[in-house]
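The values are calculated or read from the model by the stated rules, or taken from the named source; none is laboratory data. It should be emphasised that the depicted structure is a prediction, and the values quoted were computed from it without experimental measurement. Neighbour counts are summed over all protein chains in view; Cβ atoms, including those assigned to glycine, are modelled from backbone coordinates with ideal geometry. SASA here: full protein model, heavy atoms, side chains in, ligands and nucleic acids out. Shrake-Rupley method; radii C 1.70, N 1.55, O 1.52, S 1.80 Å.
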Amino acid sequence: MRDDVSLENDLREAVTKGKLQVAYQPLVELDSGRIAGMEALVRWNHPLRGPVPPVEFIPVAEAVGLIGVIGEQVLRAACAQFAAIQASDPGGTLRSVSVNLSRAQLREPTLVGVIADALRCNGMQAAQLQLEITESLAAQDHGVQARLREIKALGVTLALDDFGTGYSSLSCLHELPIDTVKIDRAFVSLAQTSDYHRVLIEATILVARTLRMNTVAEGIETIGQAELMRALGCTKGQGYLFSAPLSGAALVEWMQGNTAPG
Ligand code: C2E
Ligand code: MG
Ligand code: MG
């Protein structure tokens, strides 16, 4: 309990002083190995504890009302980083940046204005931003559905993250205004050994394709997993096989070294 309170206080201070950082993980085309986009992932390096994983501090931020400001900081940093990469690489191999949204942010009436402002400030087209939501239960929440439609009306695309976990089901896919389904790492890592997981991935890809949605396989760690996901029809992948999340500068270096033909 004491620990929770001190974590909360330290987080509040880190947010106020702008100490949170953002790492970027490339998303690649599985057929060519080329970069397609990047996902922004928040990082907190605590002065005494060292790196605190987002799965530990995001729930704290949600509980104490800090998620709105953290989300805005990450969104603005990610858009600025995307614009900087575009400026140095006019060929534009990087097509989009993805930012995670938590459910609490979807309840904030200011969210849509903040997104529009972040795009405008960085000279971005709306289609260059993708927002990731995990809540498939959102399909049943009319307030959240309305907010998602407002975001879509800006021209921003939406991804359903961690698909296959929690209460997500194939039937919720057509109820949400999403463009991309991200297949959770738990499924990807079992696909080679478990028929059940492989068949579910195949079914997900088929349903997504029928609904004209893209698919991304998360947490690809081996060549075998990448090949299987591609054979199953998944178009994009993300994972340590390609790259761990990197600083903005390191991602630019990674892009320069990633000269996969395509
Ligand atoms: P996510 O959005 O599904 O992000 C993918 C997570 O998997 C990241 O963990 C990433 O570092 C990790 N990962 C990527 N490739 C591999 C791999 O090949 N193997 C393994 N074992 N892991 C891999 P991370 O950065 O610790 O983030 C965890 C979760 O925290 C994210 O899952 C997301 O739900 C949440 N999160 C991260 N940043 C933010 C943020 O800015 N805002 C919000 N609301 N949530 C965030
Ligand atoms: Mg994500
Ligand atoms: Mg995920």
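Cross-link candidates for residue 152: which lysines have Cα within less than 27 Å, leaving aside residues fewer than 8 places away along the same chain? Output for residue 152: 182, 236.
Taking the Cα centre as origin and putting +1 on Lys and Arg beta-carbons and -1 on Asp and Glu beta-carbons, what dipole magnitude results for the chain, to the nearest 20 debye?
Once rounded to the nearest 20, the dipole reads 460 debye.
Once whole DSSP H runs in the chain are found, which of them have Cα atoms spread over 18 Å or more along the helix axis and a mean Kyte-Doolittle score of at least -0.5? Passing helices, by number: 67-88, 142-154, 195-210. If you take every DSSP beta bridge fully contained in segment 2-256, what fraction is antiparallel? Give it as a percent rounded to 5. Of those bridges, close to 40 percent are antiparallel.
Rolling a 1.4 Å probe over the protein heavy atoms gives the chain an accessible area of 48 Å² per residue. For the chain, the residue among 57, 130, 196 whose Cα projects farthest onto the positive side of the dipole built from Cβ charges is 130.
Taking label positions 7 Å along the Cα-Cβ direction at both residue 103 and residue 29, the computed distance is 3.7 nm, reported to one decimal. Segment 1-21 and segment 29-69 have their alpha-carbon centroids 15 Å apart.
Which of rounded, prolate or oblate describes segment 126-172 when judged by the alpha-carbon gyration tensor and an a/c cut-off of 1.5?
The shape class here is oblate.
I'm checking a number: the convex hull volume of the Cα atoms of segment 76-165, normalised per residue, in Å³. What is it? List each step's numbers first, then the result.
Numbers: hull volume 8.2 nm³, N = 90.
Dividing the Cα hull volume of segment 76-165 by its residues yields 91 Å³.
Across the accessible surface of the chain, with the other protein chains kept in place and a 1.4 Å probe, carbon and sulfur atoms take up 53 percent. With the convex hull constructed from alpha-carbon coordinates only, the chain shows a mean projected area of 14.4 nm² over all directions. Counting 0.36 nm for each residue step from residue 84 to residue 253 and taking away their Cα separation leaves a gain of 59.5 nm. Ranking 43, 230 from most to least accessible surface, computed with a 1.4 Å probe over the protein chains only, gives 230, 43.
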